[in-house]
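Structure, as C-alpha cells:
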Amino acid sequence: METKIIDGKAISAAVKDEVKEKTALLFEKFGVKACLAVILVGSDPASAVYVRNKKRACEYVGFESLSYELPEETTQDELLGLIDKLNADDKVHGILVQMPLPKHIDEKTVIDRISPAKDVDGFHPMSVGALCIGEPGFVSCTPAGIIQLLKRSGVEIAGKECVIVGRSNIVGKPMALLMLRENATVTVTHSRTKDLPAVCRRADILIAAIGKAKMITEDYVKEGAVIIDVGINRDPESGKLFGDVDYENVFDKCSAITPVPGGVGPMTIAMLMNNCLEAAIRLSGAKL
Ligand code: NAP
C-alpha cells in the first residue's frame, strides 16, 4: 500500500482561500472589516517571525491587522491596559498576544484578561471549558488545524483508536477533546506513560506533540496507521527542522503521514484566520 503524504501547505491554502472569500462577503454585505490585533512584547527572534507570518496571512485574507510591538520593559499593567482597550474597541474582533512573554509578565493573567469573544487563540479558560462541554467557543488553532487535515484528507475519525503523545494545554489536551468530539476512542499519553511504544501501537491515528526530534520510530507504529506529527524541533547545527516522528523510519509502515515542515505547521495560521473571521461574524451579528 502506498503511503499518502498529507499536504498541509495545500490544505492550509484552501482554508485561507475560503476565509478570504467569506471576509470579502462580510465586508460587501455588512460593511464589517474583520480585524486582528497582534501584540508582541520584547524582541525574541522566533516570535518576531511568527508575528510577521500572521500579519502576512491577515493581508492575504483581507483582514485589517493592528500590530503592537512593545519593548521588553513593558510592565504587566501596561500590557493589561492595552488588552482592555482592544477588548472595548468594536472594530477589533480578535486579540492575539504572542507567547512566550518576558519573565516579569504572568502569561495566565494576560490570557485571562482577553475577552473570550475575541480569544482567537482559544487559550482562555472559558474557551477551554466550552470545548470540554461541547459549547461554541474558540478552539486552539493547532489542534483545530489537525482536525481539518484529517477530514480534508478523507481520514475517517469516528470509531477509530486515537493515541495522542503529549498533554500540553495548547496541543495535547484540546486535541484529545476534539478527537472525542469526532467520536474517536482517545488515549492521552505523556512522559509517565508505561510502555509508550505498546500504547502507541494501538493507534489507528497517532498524534505526536512531544518536542523531541524523531522520537517516534516504527516500534511505536501499527501497520497502516495515520501519523500526525506536531513537533517542530530545530537542529542547532544544521538549522534544519525535524518533527517528533522519525519520518523515513516509519514511512513504509503507515498509511498516511504529515511531513515537517509542510504538515501541521501551516494549518495553525490558517485556523487563526478562520477563528478571527468567526469572531468578526459573531461580534457583528452578521448572517453569512
Ligand atoms: P510541551 O508543552 O513541552 O508538552 C510536551 C508534552 O510531551 C508533555 O505533555 C510531556 O509530558 C510529553 N513528553 C515529553 N517527553 C516525553 C516522552 N519522552 N515520552 C512521552 N511524552 C513525553 O510541548 P507543546 O507545546 O505541546 O509542543 C509539542 C511540540 O509541538 C513542540 O515541538 C512544539 O514546537 C510543537 N508545536 C507545533 C505547533 C505547530 O504549529 N505545528 C504548535 C504548537 C506546538 P509531561 O506532561 O509528562 O511532561
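Rule-based calculations on the coordinates, nothing more; no lab input. Only a predicted model underlies this, so the values are computations on that prediction, with no experimental measurement involved. Note: ideal-geometry Cβ built from the backbone for every residue, glycine included; neighbour counts use all protein chains shown.
Which value in nm describes the separation of the simple spin-label points at C132 and N169, placed 7 Å from the Cα toward the beta carbon?
Placing both labels 7 Å beyond Cα along the Cβ direction yields 1.2 nm.
With viscosity set to 0.692 mPa s at 37 °C, what whole-number translational diffusion coefficient in µm²/s follows for segment 141-266 from Stokes-Einstein and a Kirkwood radius over Cα pairs?
231
What's the whole-number percent of alpha carbon pairs in segment 26-119 lying beyond 15 angstrom?
Value for segment 26-119 (Cα pairs over 15 Å): 60 percent.
Hey, if you put +1 on the Cβ of every Lys and Arg and -1 on every Asp and Glu Cβ in segment 26-119, which of A34, I111, V97 ends up farthest toward the positive end of that dipole?
With unit charges placed on the Cβ atoms, the residue in question is A34.
With labels modelled as points extended 7 Å from the Cα through the Cβ direction, what inter-label distance (nm, one decimal) is found for Q76 paired with E218?
5.2
Return, for the Cα atoms of the chain, the radius of gyration and Dmax in Å, separated by a comma.
Gyration radius and largest Cα-Cα distance of the chain: 19.2, 58 Å.
Tell me, in nm to one decimal, what length is gained between S47 and T193 on full extension, where the rule is 0.36 nm per residue of separation less the Cα-Cα distance?
Contour length minus Cα-Cα distance gives 49.4 nm.
So which DSSP H runs in the chain come out at 15 Å plus along the axis (Cα) with average Kyte-Doolittle of at least -1.0? All intermediate terms of the calculation are to be shown ahead of the outcome.
On the way: long enough: 8-30 (32 Å, -0.09); 45-61 (25 Å, -0.49); 76-88 (18 Å, -0.02); 141-152 (16 Å, 0.52); 265-284 (30 Å, 0.78).
Long hydrophobic helices here: 8-30, 45-61, 76-88, 141-152, 265-284.
Can you pull the semi-axes for segment 205-287, root of five times each eigenvalue of the Cα gyration tensor, sorted largest first, whole Å?
Result for segment 205-287: semi-axes of 32, 17, 9 Å.
Per-residue ellipticity at 222 nm for the chain, helices alone: DSSP H runs ≥ 4 residues times -39500 (n - 2.57), over residue total, nearest 500 deg cm²/dmol?
Mean residue ellipticity at 222 nm (helix-derived): -13000 deg cm²/dmol.
Need one number: nm distance between label points at S67 and F251, each 7 Å from Cα along Cα→Cβ, rounded to one decimal.
For S67 paired with F251, the spin-label model returns 3.7 nm.
About its Cα centre, how strong a charge dipole does segment 141-266 have in debye, to the nearest 20, once Lys and Arg get +1 and Asp and Glu get -1 at the Cβ? Working shown, then result.
Numbers: 16 positive and 15 negative charges, 102 e Å.
In total the dipole reaches around 500 debye.
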